Amino acid sequence: MAEERKRRRPTQIDIARRAGVSQATVSQVINGVSGDYQIAPATRQRVLDAVRELGYVANPVARSLKSGRNQMLGLYTFEAVFPTDHRDFYHPFLQGVEAEAAERGYDLVLFTSAGAARERGLFAGGANRLKVADGCVLLGRHLRRAELARLAEEDFPFVFIGRREIEGARISYVAADYATATSRIVAELAKLGHRRIRYLKVPGDAEPTRDRLSGFRRGLKEAGLEPVGTEAGLEPVGTEAGLEPVGKGAGLEAVGKKAGLEAVGVHLVAEPGELRPGLVRTWLDDGVTAFVVEPTEDDRAAAALCAAAEEAGAAVPADCSVAVLGDPPSYCSPPRDWMRFAIPREQMGRDAVDLLIGLLNTPDAEARTLLVPCAFLRGATAGPVPGAERRS
């Protein structure tokens, strides 16, 4: 019995007895609130001494009942992210979230809710378990949009890492500015003299893909190039504009002679193995001199493209240039110093926490969004078009 009492967590009553004051006085000192009278400095010090001697720690549940907040933020991922290390795609996001939460005085709670089929869901068992926390940071590729819409309807504060559009709801997010970064890649290739650029696109229509494609089109327009045709969402242009088809490769678009434009195309790549030497040779023979590659979790498509080009007799970057629309993880082999842009993952994690705390401090705030700039990296896989003058 004596050992059980020794292990018992000290309470404010214990502190009051040790300090020789009332429990109300202890509460005022611990919670930093003023009562009807000023507490004498000597009395306050006796209470603080008793707190230290007894090892008292405030009950976070009781405190949250009073304030409605418990200084805890949730972290929810739609797919498993552990175990992880420095090479993992998610690791910098997690670092940023943890660092910012710690600096702002919040604890983190990791949610891994799963249903009977072991599939992750925000409402496992029908209940929103995220409400244990004050608010939540969410991330992941394979999300359930209907659940995000339901979460938004509940008016629960959350911020998604990555741009997400949910039908019938506006959600807060922090996203990399893929559109501007992709436009910059196209501009840099244009400066090197490239006029025929092929875009290797992953299947699907997720927001990052749409943003990159939007940036690709913007970059072409700003560089004096114009995509035509109907493939991959590109706008059609009629023959009355002086267009004619060019090239024999799958997906090559048309060229506007009056404007001095050259062909720019989009090709869907479901598997890197599709990028065979014969196909790449066809593109090169049709005048394509540069490729931009949309990445997935790795750089396999870009690596397969380079291998196929070199097998077809074209060296990278001497004969053709390659740029990656993102930064593949460091474990990709063989490593290449791609022309690319770096996704600010750690900063996005920090910004997500900052945005979430802002929502918590402004309960009636509308959904907030933030685009974070990406850093352009010149790399070593892009060079001038052989024989072409470099544009300023």
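The values are calculated or read from the model by the stated rules, or taken from the named source; none is laboratory data. As the structure is a computational prediction, the values presented were derived from the model and not from experiment. Don't worry about glycine lacking a Cβ; one is built from the backbone with ideal geometry, like all the others, and counts go over all protein chains shown.
The table for this structure:
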| read-out | value |
| --- | --- |
| When residues of region 68-95 are limited to those that are modelled with pLDDT under 70 and among the charged types (D, E, K, R), the one nearest to the chain's Cα centre (by Cα) | 87 |
| Enumeration of residues in region 364-376 that are farther than 16 Å from residue 173 by Cβ, surrounded by fewer than 15 Cβ atoms within 10 Å (Cβ to Cβ) and in contact (Cβ under 8 Å) with a residue 24 or more places away in the chain | 375 |
| Single residue of region 195-215 satisfying the filter (in a loop (DSSP other than H, G, I, E, B) and of a type in the set (Gly, Ala, Ser)) that is surrounded by the most Cβ atoms within 10 Å (Cβ to Cβ) | 206 |
| Unmet requirement for residue 204, which otherwise passes all of (1) under 24 Å from the mean Cα position of the chain (by Cα); (2) at pLDDT 95 or above | (2) |
| Selection from region 131-163 of residues that are surrounded by fewer than 19 Cβ atoms within 10 Å (Cβ to Cβ) and more than 22 Å from residue 98 (Cβ to Cβ) | 142, 144, 145, 146, 147, 149, 150, 152, 153, 154, 155 |
| Complete set of residues in region 295-324 that are over 21 Å from the mean Cα position of the chain (by Cα) and more than 20 Å from residue 278 (Cβ to Cβ) | 317, 318, 321 |
| Any chance residue 294 is more than 16 Å from residue 197 (Cα to Cα) and either out of contact with any Gly (no Cβ under 9 Å at 6 or more places or on another chain) or modelled with pLDDT under 95 (or both) | no |
| Whichever residue in region 180-194 is in contact with a Ser or Thr (Cβ under 9 Å, 6 or more places away or on another chain) and buried (at least 21 other Cβ atoms within 10 Å of the Cβ) and, among such residues, is nearest to residue 74 (Cα to Cα) | 182 |
| Residue 142 being assigned to a loop (DSSP other than H, G, I, E, B), modelled with pLDDT under 75 and of a type outside the set (Asp, Glu) | no |
| Among (1) surrounded by 16 or more Cβ atoms within 10 Å (Cβ to Cβ); (2) modelled with pLDDT of 85 or more; (3) among the small types (Gly, Ala, Ser) - the single one residue 224 does not satisfy | (1) |
| Residues of region 348-390 classified as part of a helix (DSSP H, G or I) and closer than 26 Å to residue 302 by Cα, total | 1 |
